Amino acid sequence: MRAIVMKEFGGPEVLRLEDVPDPEPARGENLLDVRLAGVNYADVHVRGNTYLAPVELPYIPGNEVVGTTADGKRVVALTRGGGYAQKVAVHRRLQWEVPEEITDEQAVPLALQGNSAYHLLFTVAQITKGQTVVIPAAAGGVGTLAVQLAHRAGARVIALAGTDEKRRLALELGATAAVDSSDEDGLTERILDAAGGPVHAALEMTGGTTLRRTLDAVGPRGRLVVYGFAGGQLADVPVHTLLQKSITVAGFWLPHLYSDRTLPLAASMRQLFDAVANGSLKIVTGGIHPLADAAKVHGVLNSRTGTGKFSLDPTT
């Protein structure tokens with residue numbers, strides 16, 4: 001089969017199209033013919049050797065796919081790598097049949113980015129109607145879904161985005177206000193002005209100064225949920241601030257739900273499918289690209305000029 005293989009860590013140029021043996025499913029796994037492979041910012045961390053889990057080379061990136069089972073079912077699935085390929089082995093517990101009315105392009109972001117947005121908001125941040133939440137990278141894959149899910153739940157959304165175009169998109173998706181995140185100086189004040197005061201909760205995925213500025217906008221007994229460090233720098237969380245305002249800070253990494261026997265992912269997938277099917281959750285797409293163009297797509301992610309969900313088509 002054809003696959004994108006990394007034999008070293010580095011820039012987008014390390015993503016190379018090669019012919020490799022088909023994967024051999026382990027016990028409890030199915031082999032899928034991949035129709036679309038989702039591209040996520042986590043893949044950038046994998047490529048740069050800054051991912052939360054160790055990566056052994058050579059490695060095929062890609063953690064979510066839409067594919068076809070041997071008996072012809074169309075499923076969306078989570079993987080532990082291997083998605084940028086024509087075939088991938090996935091655990092049966094981490095695949096969900098896609099309803100007929102949902103396209104491949106609509107389905108592909110739901111497994112990883114949709115579940116991430118859902119559980120960040122409702123499992124960890126525990127957002128409820130009437131509360132105010134800050135959502136970063138609001139024009140990205142997770143961000144566009146999180147803005148809509150929070151809006152549907154009756155929350156007030158303060159969206160962060162770096163360009164006028166991205167802020168307009170966030171407002172169209174239901175954000176109450178959209179704040180310029182391109183300049184860290186004054187970010188706290190811009191959030192407070194947009195929200196009319198301290199917020200109940202905030203999601204954070206940049207790290208460094210942006211994390212501290214966002215934390216400063218969270219009110220007493222508020223919540224900060226950290227799910228990335230796209231800026232490349234971790235931040236020391238000021239304990240004095242946490243104690244002063246009784247703020248709860250939590251980290252979130254979706255793979256910790258993969259083996260949860262209460263099946264939280266199955267429940268959230270049902271809600272995500274229903275929302276897409278009834279039109280209340282719009283998938284913002286960055287386009288479908290040939291598998292061979294994986295490096296080009298990563299270049300767009302690095303530059304942060306794209307919006308929505310990028311997918312790779314291994315059939316082209």
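The values are calculated or read from the model by the stated rules, or taken from the named source; none is laboratory data. The structure displayed is predicted, hence computed values, not measured ones. Note: ideal-geometry Cβ built from the backbone for every residue, glycine included; neighbour counts use all protein chains shown. Ligands, DNA and RNA are excluded from the accessible area calculation, which covers all protein heavy atoms including side chains. Shrake-Rupley method; radii C 1.70, N 1.55, O 1.52, S 1.80 Å.
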### Task
Mind checking the full-extension length gain between Asp22 and Ala267? Use 0.36 nm per residue of separation minus the Cα-Cα distance, one decimal, nm.
85.0 nm
### Message
Out of the trypsin sites (Lys or Arg not before Pro) in region 119-205, which ones are loop residues according to DSSP with at most 11 other C-beta atoms within 10 Å?
### Response
Lys129
### Task
May I ask for the Rg/Rh ratio of region 32-92, computed from Cα atoms with Rh as the Kirkwood radius, given to two decimals?
1.00
### Query
Taking Cα atoms of region 47-128, Rg/Rh with Kirkwood Rh, to two decimals?
1.02
### Query
Taking the simple approach of a point 7 Å from Cα along Cα-to-Cβ for both Lys245 and Thr163, what is their distance in nm?
3.1
### Task
With no solvent and one equal point scatterer per Cα, compute the Debye intensity ratio I(q)/I(0) for region 215-316 at 0.10, 0.15, 0.19, 0.23 Å⁻¹ and report its log10, rounded to two decimals.
-0.52, -1.04, -1.16, -1.13
### Whichever aspartates and glutamates have a C-alpha closer than 13 Å to that of Lys73, once near sequence neighbours (fewer than 8 apart) are set aside
Asp33, Glu97, Glu100, Asp104
### Task
Could you list the GluC sites (Glu not before Pro) in region 2-46 that lie in coil according to DSSP, counting only those with at most 14 other Cβ atoms within 10 Å of their Cβ?
Glu8
### Task
Apply 1/(1 + (r/R0)^6) to the Cβ-Cβ distance of Arg80 and Glu189, taking R0 = 41 Å, and write down the FRET efficiency to the nearest 0.05.
0.45
### Task
At most 10 other Cβ atoms within 10 Å and a DSSP loop assignment: could you name the GluC sites (Glu not before Pro) in region 88-136 that fit?
Glu100, Glu101
### Task
Heavy atoms only, probe 1.4 Å: what % of the accessible area of the chain goes to carbon and sulfur, would you let me know?
50
### Task
Would you mind getting the Kirkwood hydrodynamic radius of region 28-165 from its Cα pairs, rounded to one decimal in Å?
16.1
### Summary
What the Cα atoms of the chain span along the principal axes, largest first and in whole Å, is 56, 40, 36
### Query
Which value in Å does the Kirkwood hydrodynamic radius of region 98-195 take, with 1/r averaged over all unlike C-alpha pairs and then inverted?
13.7
### Task
Return the percentage of antiparallel bridges among DSSP beta bridges fully within the chain, rounded to the nearest 5 %.
50
### Message
With an 8 Å Cα cut-off and a minimum separation of 6 or more residues, compute the relative contact order for the chain in percent.
### Response
18
### Task
Evaluate the relative contact order of region 212-292 (contact order divided by residue number), counting alpha-carbon pairs under 8 angstrom at least 6 apart; express in whole percent.
26
### Mean Cα-pair separation over length for region 79-177, i.e. relative contact order, pairs under 8 Å, 6 or more apart, %
21
### Query
Over 24 Å between Cα atoms, which of Lys7/Lys296; Lys166/Lys282; Lys129/Lys282; Lys129/Lys309; Lys7/Lys309; Lys7/Lys87 qualify?
Lys129/Lys309; Lys7/Lys309
### Computed lengthening from Val237 to Ala295, 0.36 nm per intervening residue step minus Cα-Cα distance
17.4 nm
### Task
For His151, His256, His289, write out the residues from largest to smallest accessible area, computed with a 1.4 angstrom probe and no ligands counted.
His256, His151, His289
